[in-house]
Every structure is written in C-alpha cells, then in structure tokens.
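The values are calculated or read from the model by the stated rules, or taken from the named source; none is laboratory data. Source: prediction; values computed, not measured. Because the Cβ atoms are built from the backbone with ideal geometry, glycine has one as well, and the counts that use them run over all protein chains shown. We work out accessible area using only protein heavy atoms, side chains counted, and drop any ligands, DNA or RNA first. Shrake-Rupley method; radii C 1.70, N 1.55, O 1.52, S 1.80 Å.
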Amino acid sequence: DYNNMKDITPRVGIAYDLAGDGKTALKAAWGKYMAAGDADQGNPVTNLATRSARSWTPSLPFGDPNYYIPQCNLFNQAANGDCGPGNALFGQLVPAAAIDPATHTGWGNRFWSQEFSVSVQREVLPRVSVDVGYFRRWYGNFQVVDNRALAATDFREYSITVPTDPRLANSGQVLSGLYEVDPSKALLVNADNYTTFSDNYGKQKEHWNGVDITVNARPRNGFAIQGGLSTGRRSSDLCDIMEKLPETQLVFGIFAIPRSYCHVDEAWQTQAKVLGTYLVPKIDVQFGVTFQSAPGPPLQANFFVVPAQAGLPSFSAAGVRLIDLIPIGQPQPFSGVSTVPSTNISTEYVHRANQLDLRFSKIFRTGTGGRYRTSINFDLNNALNANYELAVNNTYGPSWQNPLNIMDARLFKISAQFDF
C-alpha cells in the first residue's frame with residue numbers, strides 16, 4: 001500500500017468562572033489538526049515526468065512573425081536549435097522523482113497545524129460583555145524537493161537592477177540573493193528529485209499570532225449591537241532550507257525567489273466589524289446596519305528578467321525568470337526590490353475596503369399571540385457606493401496596479417420572509 005497514514009489528534013478545552021458570580025470566564029483551548037491525506041502521494045503512476053522546463057534562446061530577429069516560436073524539436077529532450085536540454089525522463093514510463101516513504105506512510109507524518117487560544121470574557125455592564133482572546137497557530141511536517149544530482153556549490157548567485165520607478169521602494173537599486181544552476185550542470189536539473197521532510201535539512205518555521213476583541217450588548221429589548229476588532233499576522237522562516245537547498249528558490253519552472261526573503265514577518269492585518277439592530281416598539285419596524293472594514297489585497301511587483309539582464313549567458317532551466325517578491329505562500333511586500341534586512345521587511349497593501357449595508361423591515365404579526373410573522377425587507381448593500389479595489393495587477397509594467405476587480409456597486413433589494 002503506497003499510502004497508509006495514521007495519526008492521533010488530541011484536543012482539549014477548559015472554562016473557569018474566576019469570581020464565581022458568572023460574570024467573568026477564563027477559557028483556554030489547544031488542539032492538533034491534520035491536513036487531508038493525498039491519495040496520489042507515493043502513487044507510482046502519478047510520479048511520471050509530465051513537464052519539461054528548458055532554456056530558449058531565440059535565433060530569429062525580433063519582430064519576425066515566428067520570433068516567439070522556438071526553432072527546435074521540442075520532442076527531442078537533448079539540446080537542439082534554440083532550445084537547451086530538457087528532462088530526459090519526460091514522457092517516459094520511468095519515475096521522474098523519488099519520494100520518501102515516510103511522507104505517505106506511518107504514524108504522525110501528515111502535515112499538521114496546532115492551535116492554542118486563551119480568552120477572558122467579562123460582563124462589564126448589565127447585558128454588555130467584552131471578550132478578549134489571543135490565538136497562536138503553528139505548523140509542522142513541511143516537505144521539500146531535493147535534487148540529489150546537484151549540490152549547493154552547483155548554484156551561482158546573480159543580481160538584477162530594479163527598474164527606475166518612483167512607485168518602487170528601491171527604484172534603480174540592486175536586488176541580489178538570486179540563484180541559478182550553473183549552465184554546465186543544466187542536464188542535471190530535475191535529474192534526481194527526492195521529496196522528503198524539510199527537517200532532514202534544517203529548520204522551517206511558520207506560525208500565526210492573532211488577537212480578537214468582541215463586544216456584545218443588548219441594553220434593552222429589541223436593541224442589539226455586536227462588533228469588534230480582529231488582528232493577526234503570519235511569520236515564516238525558510239533561511240536554513242534555502243541555504244542548503246538553493247533549488248527551493250526556483251519553483252514552477254520560471255519563478256525565482258530572492259534569498260533576502262527567506263524570513264518574512266507579515267504586517268499586522270486588522271479587520272473591524274459592527275452589526276446593530278433596533279426594533280421600534282408598537283409599529284414593528286426594524287432597522288439593521290452592518291459595517292465592515294478589511295485590509296486590501298497585498299501589493300506585489302513581479303517582473304520578467306532575461307539572462308542578459310541578469311548578466312548570465314543563459315538560464316539553465318528557463319528562457320526567462322519571473323522574479324518573485326517573496327517565498328510562495330508568504331505575505332506580499334510592496335515590491336520585490338527591497339534590500340533591507342529580511343527581519344525589517346515592510347509590507348504594504350491596497351487601501352482598506354469599507355462597506356456599509358442597511359436593512360429596513362416592516363413586520364406583520366398574525367395568528368393567536370402573533371404566532372405567524374411576515375417581514376417585508378428593504379436592503380441597501382454598499383450603501384455608500386464605494387468602489388474599492390479587491391484585486392490589482394501585480395505584474396510590473398504599464399498596467400501595474402490597475403484594478404482587476406472592484407467592490408460591487410450599490411444594490412437595492414426587496415424581499416419577503418414568512419415565519420411560522
């Protein structure tokens with residue numbers, strides 16, 4: 001059986017009445033959670049070479065209609081024409097990589113996360129309570145892919161000059177800490193990939209810390225308000241792994257991750273939400289309001305680099321490199337041109353998105369004791385008709401930061417609801 005994993009996931013929680021009067025509660029919890037198992041992990045059928053990354057040096061003059069068509073035999077994985085060597089196992093019934101059996105068999109080997117939380121809930125006024133909580137989440141059993149045919153000494157460092165643009169943090173400066181396989185080792189790219197645990201090479205860390213503050217109030221019948229703040233940030237460290245496995249900085253064929261972003265501390269991201277309802281007595285008209293404020297999407301400035309820009313004769317596994325700003329899955333700084341120490345990387349985001357929604361309801365009660373209730377609702381979503389960007393173009397160029405998606409326009413809706 002190529003996939004046979006077993007785990008124990010303990011979870012515990014406790015609540016304690018501090019004063020014994022039911023007004024102050026101290027709560028704590030800890031739990032371990034497992035990622036879903038991958039039925040394909042270790043399956044020899046899925047461990048075949050289905051893609052082949054190779055360098056491409058155009059021989060036709062720029063402007064030729066066929067300039068972007070490689071002048072080579074792509075079915076031939078040896079270097080020919082415009083194309084450098086590819087993966088010799090591409091399309092063959094031979095496993096393209098080796099997988100550590102421990103990653104898909106045995107006890108306690110699945111990717112996991114653990115979470116610890118502690119909170120205090122206090123009644124500060126009659127029918128008004130405040131809840132303050134701290135949360136910490138951390139992860140384990142990370143996996144890496146090691147090309148055993150290459151050593152760290154088979155990679156060479158290069159740098160690029162950042163485009164001159166006042167919108168970039170370090171406009172015109174040098175971005176270093178990028179690594180490329182020596183062209184003499186090009187045939188060894190993806191030659192002996194081995195998937196195993198990152199702990200076999202060094203420490204990899206990722207954790208998240210957050211704080212929630214919530215207020216619940218029902219000062220009188222028919223009036224309720226709830227709201228609060230939630231803030232948190234994620235930190236990660238891949239420095240030890242990147243130093244011993246430079247190939248981890250080259251992902252998905254053309255992406256390159258600067259070494260200076262091996263340690264990233266995300267900026268604190270704060271959300272605020274408020275929900276309130278008020279039922280006007282006697283006339284049975286209910287007013288509702290919802291307001292939320294959330295940080296915008298992260299800003300990023302990715303740009304393509306050809307070998308000549310990097311001062312290299314060629315890229316061993318791709319015709320161009322997309323210089324990625326930070327490690328995949330990590331928080332996004334304003335641009336990939338920062339050369340400040342990694343522990344001081346500042347992050348910037350598209351401006352906050354604020355949304356106000358309103359509801360007016362007229363309630364009709366029928367039946368004995370008002371057993372049946374019919375509500376005619378008038379909703380006004382995005383009442384301020386805000387047009388905040390929800391996504392922007394992160395590819396550096398003429399359309400950089402152009403909106404890709406904006407908040408839906410003001411929407412008016414009429415509905416009815418019958419309760420019995």
Long-range amide H partners of TYR388 with built H, under 5 Å
MET407
If we count every other residue with Cβ under 12 angstrom of VAL128's Cβ, Lys/Arg +1 and Asp/Glu -1, where does the sum land?
+3
Could you state the number of Å between the C-alpha centres of the range 127-182 and the range 364-407?
35 Å
Of LYS23/LYS205; LYS27/LYS362; LYS282/LYS413; LYS27/LYS282, pairs whose Cα-Cα distance is over 30 Å
LYS23/LYS205; LYS27/LYS362; LYS27/LYS282
For the range 177-183, in residue order, the Karplus 3J(HN,Hα) values (coefficients 6.51, -1.76, 1.60; θ = phi - 60°; whole Hz; Gly and Pro = x) are x, 9, 10, 9, 5, 4, x
Accessible surface, the range 146-290, averaged per residue in Å² (probe 1.4 Å)
50 Å²
Can you send over the carbon and sulfur percentage of the accessible area for the chain, probe radius 1.4 Å, protein chains only?
57 percent
GLN292-SER415 pseudo-label distance in nm [points 7 Å out on the Cα-to-Cβ vector]
1.5 nm
Distance in Å, no decimals, from the C-alpha centre of the range 234-276 to the one of the range 188-204 is 18 Å
Counting sequence-distant residues (5 or more places) and residues on other chains, those with an amide H built under 5 Å from that of ARG234 are GLU266
Residues meeting the amide H criterion for LEU178 (H placed from the backbone, H to H distance under 5 Å, 5 or more places apart or on another chain) are TYR158, ARG259
Relative to the Cα centre, what is the charge dipole magnitude of the chain, using +1 at the beta carbon of each Lys and Arg, -1 at the beta carbon of each Asp and Glu, and rounding to the nearest 20 debye?
1960 debye
The summed charge of the GLN271 Cβ neighbourhood (under 10 Å; Lys/Arg +1, Asp/Glu -1) stands at +1
Based only on Cα atoms, what mean projected area does the convex hull of the chain have, in nm²?
29.1 nm²
With a probe of 1.4 Å, find how much accessible area the range 361-416 has per residue, and write the answer as a whole number in Å².
64 Å²
Which aspartates and glutamates, on any chain, are close to LYS185 with Cα under 12 Å apart, when same-chain ones fewer than 8 places away are left out?
ASP154
Taking the dipole of the chain about the Cα centre (Lys, Arg +1; Asp, Glu -1; charges at Cβ), the one of LEU89, LEU150, VAL174 that reaches farthest to the positive side is VAL174
Which one of ILE283, ALA29, PHE135 is farthest out on the positive end of the charge dipole of the chain, using unit charges on Cβ (Lys, Arg +1; Asp, Glu -1) and the Cα centre as origin?
ILE283
Solvent-accessible area per residue for the range 64-127 (1.4 angstrom probe, square angstrom):
60 Å²
Cβ-placed point charges (K, R +1; D, E -1), dipole of the range 56-179 about Cα centre in debye, nearest 20:
500 debye
If contacts are Cα pairs under 8 angstrom and at least 6 residues apart, what is the relative contact order of the chain in percent?
12 percent
Distribution output for the range 104-188: share of Cα-Cα pairs per 10 Å bin in percent, first bin at 0, values 12, 17, 16, 24, 17, 10, 4, 1
